[in-house]
1. Indicate the gyration tensor shape class of region 105-161 (rounded, prolate or oblate), computed on the Cα atoms with a ≥ b ≥ c the square roots of the eigenvalues: a/c under 1.5 is rounded; otherwise a/b larger than b/c is prolate and the rest oblate.
2. Fully extended, how many nm does the chain gain between residue 56 and residue 114 (0.36 nm per residue separation, minus their Cα-Cα distance)?
3. Using only the Cα atoms of region 36-111, what do you get for the radius of gyration and for Dmax, in Å?
4. Which whole-percent values make up P(r) of region 10-156 when all C-alpha to C-alpha distances are grouped in 10 Å steps starting at zero?
5. Label points 7 Å out from Cα along the Cβ direction at residue 43 and residue 94: separation in nm?
6. Provide, for q = 0.21 Å⁻¹, the log10 of I(q)/I(0) from a solvent-free Debye sum over equal Cα point scatterers in region 29-76.
7. Mind giving me the FRET efficiency for residue 64 and residue 154? R0 is 30 Å, r the Cβ-Cβ distance, nearest 0.05 is fine.
8. How much length would be gained if the chain were fully extended between residue 143 and residue 84, taking 0.36 nm per residue of separation minus their Cα-Cα distance, in nm to one decimal?
């Protein structure tokens, strides 16, 4: 939808880093796909969303964690259309932001539970702090992801209520 103008200083400043990241020169990858630097701070996520993330990252994350239905719901598209996103050189700003925010939540869940299997199990379980809803059912909206992140932060601090 919205693209950064080439004259935009943020685009010029970030583009070399994104090219390095796309070339696979980053050491640590989230879900074996996304360079960890993207999630180091808000500005990195904003810059990546504005520049557009590669569609291959979406495929890589789905291959690593599954949850295809979560991304279908988050993007509000059909499963075949999700597959079409894989082939895009870059997702648009809105899709990139949706994707990165969802991945950030999944990353946080894995960090809190210290095990991907436990994390996935928790995502599929009714959580009293989420009104008895399964986190997986709330991931498709920004407010749902924010609510889940709040609960994960509380769990991380030992508050299981």
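1. rounded
2. Taking residue 56 through residue 114 to full extension adds about 18.3 nm, to one decimal.
3. Cα only, region 36-111: 11.6, 33 Å (Rg, Dmax).
4. Spelled out bin by bin, region 10-156 gives 11, 43, 34, 11, 1 percent.
5. So the label points at residue 43 and residue 94 sit 2.8 nm apart.
6. Each listed q corresponds, in turn, to -0.81.
7. 0.70
8. On the way: separation 59, 0.36 × 59 = 21.24 nm, distance 2.65 nm.
The residue 143-residue 84 span can extend by a further 18.6 nm.
Taken together, the values in this text are just the output of simple stated rules run on the coordinates, not laboratory data. All of these numbers come straight from a predicted model, not from anything done at the bench. Note: ideal-geometry Cβ built from the backbone for every residue, glycine included; neighbour counts use all protein chains shown.
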